[in-house]
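Please treat every number below as a calculation from the coordinates, not as lab data. Keep in mind the model is a prediction, meaning the values are calculated, not measured. Cβ sites come from the backbone with ideal geometry, for glycine too, and all protein chains shown count toward neighbours.
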Amino acid sequence: MTDRELQLHEAVQEGLPSAIADLSRLVRIPSVSWDGFDPAHVQASAEAIRDLLTGLGVFDSVQISRAPITTGERLGQPAVLARRAAKNGRPTVLLYAHHDVQPPGKDEDWQTPPFEPTVVGDRLYGRGAADDKAGVMAHVASIRALVETMGSDFDLGIAVFIEGEEEFGSRSFQNFLQQHREELAADAIVVADSGNWDLATPAITVGLRGNVTFKLTVRTLDHALHSGMFGGAVPDAMLALAPLLASLHDADGAVAVKGLHSREADTPEYSEEKLREETGLPDEVSPIGRGSILSRIWDQPSLTVTGIDAPTVQNASNTLIPSVTVRISARIAPGQTAVDALEALKAHLHANVPFGAALTIDDVDLGDPFLVDTSGWAIAEAKDAMTEAWGVPVVEMGVGGSIPFVADLVEMYPNAQILITGVEDPDSRAHAPNESLHLGVFHRAILTEALLLAKLNARA
């Protein structure tokens, strides 16, 4: 280990309490970007991050910016953008994370208040503690450590882009890229919004599934009817919806939609026992799908009904329901476009709807899958930094989730190398109640990025 690397190790260790404290302050801001939540909280979160970046003292400019959403003139949520110019032929790296969070859900499902950061053992609990305010702080804390060891007069160019609406579909992302094309240009892009293999093993994400989400409304009647007077002769909407949703999967739980593709690829060993351990799947409930477990998660499509609008049990009356609306979330295997997948889903639904029920598909959100080119120098530097920070070799892994804007970044900056990293682990429970961050993983993620920045600074 060189003297500079040793100094970085010490700076990250000494700065960890401040990084955790700053992260806790960010978690206290309920920056949910979804419609129906107070946008003032997202603005407050952006302002707090602007102040953190300004306080580093290395950027030529730090600003909060918004762009029109892709469906109209309404502005998207505020993002934070900072940049310093490269000097002496050094590269520029763009550091991405997002500061908006998922809705917390029901308070009673949380062991601790969702927006009151709480340390229990070696984990920090709270909404956004892992996804993705820890990614924000990994960027901030790694730059702090670099400044601590080198001062502010280093040669590496750095751009920072902290998005404010990733959890709501990044609807202004493409316009934001156009609006700030020059400020965001970089030789390498670090997307800190993924996870690691386990608590002791780092991972770099090389494959992402795409997404297709939409609202599906099934209508069988113009208005509700008395179930006793017309039941048995007139179909209600729930009766039509149930077999339609069931048609999406076969008896093994594998996706049964013609035209949704899978990808053939080798996957690491991952047992059913490990799946049960990491997900809480009870012994009496079987996994679904076919093929290796990781191929089902990384390289095959999946379909999930994530919401339903129908009368509650408490408010149910003896009526035939005229219409029911569900939210469907599809994950698309690498190698297929989201547009093609949407057309396959539409064709299947229209072909399988029973009783001639009317279908409406709207509120569509699309994101393409992505495969990382692992042959570049930036991947090599990142793997070296990870191995040094964690003390063990890096795993290349796919992710079942989606980061649709990565494809947009590649389209805008085709020569930039993409690195997808993260601070999560299999028990972080992002998007779910009791989301948490393992503080040891957080420490190693900061150290990884600090070492990577130093390596890039030394690169001509």
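In order along the range 134-147, the Karplus-derived 3J(HN,Hα) couplings, from 6.51 cos²θ - 1.76 cosθ + 1.60 at θ = phi - 60°, round to 5, x, 4, 6, 4, 5, 4, 5, 5, 5, 4, 5, 4, 5 Hz, and Gly and Pro are given as x. Once both labels are positioned 7 Å from their Cα atoms along Cα-to-Cβ, the gap between residue 380 and residue 252 label points is 4.1 nm. Entry note: the range 205-341 has Rg to Rh equal to 1.07, where both radii use alpha-carbon atoms and Rh is the Kirkwood radius. The modelled label-to-label distance between residue 358 and residue 281, using points 7 Å beyond Cα along the C-beta direction, is 4.1 nm. Pairwise Cα separations in the chain fall into 10 Å bins from 0 onward with the following percentages, short to long: 4, 19, 29, 26, 14, 6, 2, 1, 0. Phi angles across the range 240-248 convert, under the Karplus curve 6.51 cos²θ - 1.76 cosθ + 1.60 with θ = phi - 60°, into 3J(HN,Hα) values of 6, 5, 4, x, 5, 5, 5, 5, 6 Hz, Gly and Pro given as x. Applying D = kT/(6 pi eta Rh) to the range 28-125, where Rh is the Kirkwood radius over alpha-carbon pairs, T corresponds to 20 °C and eta to 1.002 mPa s, the Stokes-Einstein value obtained is 134 µm²/s.
Under 18 Å from a point placed 7 Å out from the Cα of residue 316 along the Cα-to-Cβ direction: which residues of the range 240-276 have their backbone N that close? Answer for the range 240-276: 240-243.
Note: the range 22-66, Cα convex hull, 66 Å³ per residue. Close amide H partners of residue 119, meaning residues 5 or more places away or on another chain with modelled amide H under 5 Å apart, are 125.
The calculated Kirkwood hydrodynamic radius for the range 330-460 is 18.1 Å, given to one decimal from all distinct C-alpha pairs.
Phi-derived couplings, Karplus 6.51 cos²θ - 1.76 cosθ + 1.60 at θ = phi - 60°, listed residue by residue for the range 200-209: 10, 10, x, 9, 10, 7, 10, x, 10, 6 Hz, with x used for Gly and Pro. Seen from residue 374, the other residues with C-beta closer than 10 Å to its C-beta sum to a net charge of -1, counting Lys and Arg as +1 and Asp and Glu as -1. Counted without the sites themselves, the longest stretch of the chain free of trypsin sites (Lys or Arg not before Pro) in a DSSP loop having at most 13 other beta carbon atoms within 10 Å is 291-460. Annotation: amide H-H contacts under 5 Å for residue 420 (H modelled 1.01 Å from N, sequence separation of 5 or more, or interchain): 191, 205. In this label model, residue 153 and residue 201 are separated by 4.6 nm, measuring between points 7 Å along each Cα→Cβ vector.
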